[in-house]
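Below is one structure, written out as structure tokens; comments come after it.
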Amino acid sequence: MIKVIFVCLGNICRSPMAEAVFRDLTVKAKLDRYISVDSAGTGNWHVGEPPHEGTLSILRKHHIPTEGLIGRVITEEDIRENDYIIAMDESNVRNIKALAGKNDAHKIHLLLDFLPDEDIREVPDPYYTGNFEYVYNLIRRASEALLHHIKDKEKLNAS
Ligand code: 4NP
């Protein structure tokens with residue numbers, strides 16, 4: 001199993017949105033048998049909570065399942081066990097690196113590294129901007145590029 005975890009600050013806006021969008025892509029590509037998807041936050045304010053209503057409503061609008069999204073904090077075990085640790089912004093990367101051993105540093109990426117032509121490097125936080133539609137669009141396009149990257153790199157074929 002190839003294990004992917006998306007990470008943001010609160011685990012109620014961006015990373016659960018990415019988890020749901022990316023999982024939906026793996027299901028549609030018939031790759032969900034090979035790729036597991038999860039999310040977590042670096043902060044603990046929203047542990048045990050469902051995603052923000054803005055994230056839930058944008059996912060529902062795009063017919064993406066929202067079951068099983070519950071706020072939690074990333075652990076050292078998550079970092080050891082996941083193959084792709086995908087952060088929303090640079091502060092998430094710093095916080096993850098502070099938990100990660102040297103051998104795991106290569107697994108940490110910014111989500112927007114997979115959209116190299118985009119003129120921003122960080123996914124803006126809709127908790128503060130309120131712009132869930134814009135963030136959905138970015139996450140959707142970057143998730144498609146990430147899946148493409150993983151399929152290539154891991155030599156996955158749907159079956
Ligand atoms: P997220 O957004 O990192 O995309 O889930 C946030 C959600 C909550 C808070 C900060 C960011 N907060 O400070 O409670």
Next item on the list: Figure the gain on full extension for Arg141 and Ala98 (residue separation times 0.36 nm, minus the Cα-Cα span) and round it to one decimal in nm.
Entry: 12.6 nm
Next item on the list: Heavy atoms only, probe 1.4 Å: what % of the accessible area of the range 51-159 goes to carbon and sulfur, would you let me know?
Entry: 48 percent
Margin query: I'd like the Karplus ³J(HN,Hα) series for the range 142-158: coefficients 6.51, -1.76, 1.60, θ = phi - 60°, whole numbers in Hz, and an x wherever there's a Gly or Pro.
Written below: 5, 5, 4, 5, 5, 5, 4, 4, 5, 4, 5, 5, 9, 6, 8, 10, 5
Notebook entry, point to check: Residue by residue through the range 115-130, which ³J(HN,Hα) values in whole Hz follow from phi under the Karplus form 6.51 cos²θ - 1.76 cosθ + 1.60 (θ = phi - 60°), with glycine and proline marked x?
Noted result: 10, x, 8, 6, 8, 10, 9, 10, 7, x, 8, x, 4, 9, 8, x
Check: Whose amide H sits under 5 Å from the amide H of Leu110, counting only residues 5 or more places off or on another chain, with H placed in the peptide plane?
Finding: Ala87
Checklist line | Potential lengthening between Glu81 and Trp45 on full extension [0.36 nm per residue; Cα-Cα distance subtracted] | finding: 10.6 nm
Checklist line | Helical contribution to [θ] at 222 nm, DSSP H n ≥ 4, -39,500 (n - 2.57), averaged over the chain, rounded to 500 | finding: -13000 deg cm²/dmol
Note to self: Please list, ordered by chain and number, the residues whose modelled amide H lies under 5 Å from the amide H of Val73; skip anything fewer than 5 residues away on the same chain.
What the structure shows: Gly41
Item checked: Label-zone membership for the range 86-122, site Ser36, 7 angstrom Cα→C-beta point, backbone N under 16 Å -> 86
Note to self: Spelling out what I want: for every residue of the range 16-31, take phi, set θ = phi - 60°, compute 6.51 cos²θ - 1.76 cosθ + 1.60 (Karplus), and round to whole Hz; glycine and proline get x.
What the structure shows: x, 4, 5, 4, 5, 5, 5, 4, 4, 5, 5, 5, 5, 8, 6, 10
Checklist line | Relative contact order, percent, the chain [alpha-carbon distance under 8 Å, six or more residues apart] | finding: 28 percent
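The values are calculated or read from the model by the stated rules, or taken from the named source; none is laboratory data. These numbers come from a predicted model, not from an experiment. As a convention, Cβ positions derive from the backbone with ideal geometry for all residues, glycine included, and neighbour counts pool all protein chains shown. Ligands, DNA and RNA are excluded from the accessible area calculation, which covers all protein heavy atoms including side chains. Shrake-Rupley method; radii C 1.70, N 1.55, O 1.52, S 1.80 Å.
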